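Peer 1: The structure follows.
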Amino acid sequence: MKIQKLLTGKFTIAGVIETKNSEEHCPPVDFLDEIDSKYQKTAGGMYALIALIAENGLQNISSKLCHRVDEKNKIYELIKGDLRIFFFKGNKDLIIIATHGIIKKSQKTKQTDIDKAVKYKRRYQKAHDTNDLTIIEAEEEE
């Protein structure tokens, strides 16, 4: 399994890497980069929240901005307006491994979104435990 560093401060924020049509991409980054123009300001706020977590960790983040959506599997979501980024905590300084994002349209989080994050978490843990985890450095902005 591959993950990509997105931000590194005191803590590292990473995203899963998927391969589609022989091309690798990072779903949480794609989600925020390709979001509809009416959500651009909110996406900027999500990036700011992620940067804050990279510098300070999760301990002082309000439950209005981050909370657990699956108790058993320890899956969380970052919240900014209607935007959600699902994640789980990684090993060592990998505080967040983002799996994907959604625009939330109802009160209840869909089980399919939780299941998707759980699937990635299981793949991550297996790859970590078998030393089959590849961590790609953050892409440089041009």
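Peer 1: Beyond a 31 Å Cα-Cα separation, which of these cross-linked pairs lie in this structure: Lys38/Lys126; Lys89/Lys110; Lys20/Lys64; Lys80/Lys116?
Peer 2: Long pairs (Cα-Cα over 31 Å): Lys38/Lys126; Lys20/Lys64.
Peer 1: Just the number, please: Stokes-Einstein D of the chain in µm²/s, Kirkwood Rh from C-alpha pairs, 20 °C, 1.002 mPa s.
Peer 2: 140
Peer 1: Take the range 85-127, compute every pairwise Cα distance, and split them into 10 Å bins from 0; I just need the percent in each bin.
Peer 2: Per 10 Å bin, starting at 0, the Cα pair percentages come out as 27, 51, 19, 3.
Peer 1: For the chain, what does -39500 (n - 2.57) per DSSP helix run (n ≥ 4), summed and divided by total residues, give at 222 nm, in deg cm²/dmol to the nearest 500?
Peer 2: After summing the helix terms and dividing by the residues of the chain, the value is -10000 deg cm²/dmol.
Peer 1: Moving to a separate point now. Nearest-5 percent of antiparallel DSSP beta bridges in the range 2-136? Before the final figure, lay out each step's value.
Peer 2: Working: 23 of 30 bridges.
The antiparallel proportion sits near 75 percent.
Peer 1: What ranking of Lys38, Lys5, Lys89 emerges when the number of other C-beta atoms within 10 Å of each C-beta is taken as an exposure proxy, fewest first?
Peer 2: Lys38, Lys89, Lys5
Peer 1: Please rank Cys26, Cys66, fewest neighbouring Cβ atoms within 10 Å first, as an exposure proxy.
Peer 2: Result, fewest neighbours first: Cys66, Cys26.
Laboratory data are not the source of any read-out in this text; all were calculated from the coordinates shown. Quick caveat: nothing in here was measured; it's all calculated off a predicted structure. A quick note on method: Cβ atoms are made from the backbone with ideal geometry, for glycine too, and the neighbour counts reach across all protein chains shown.
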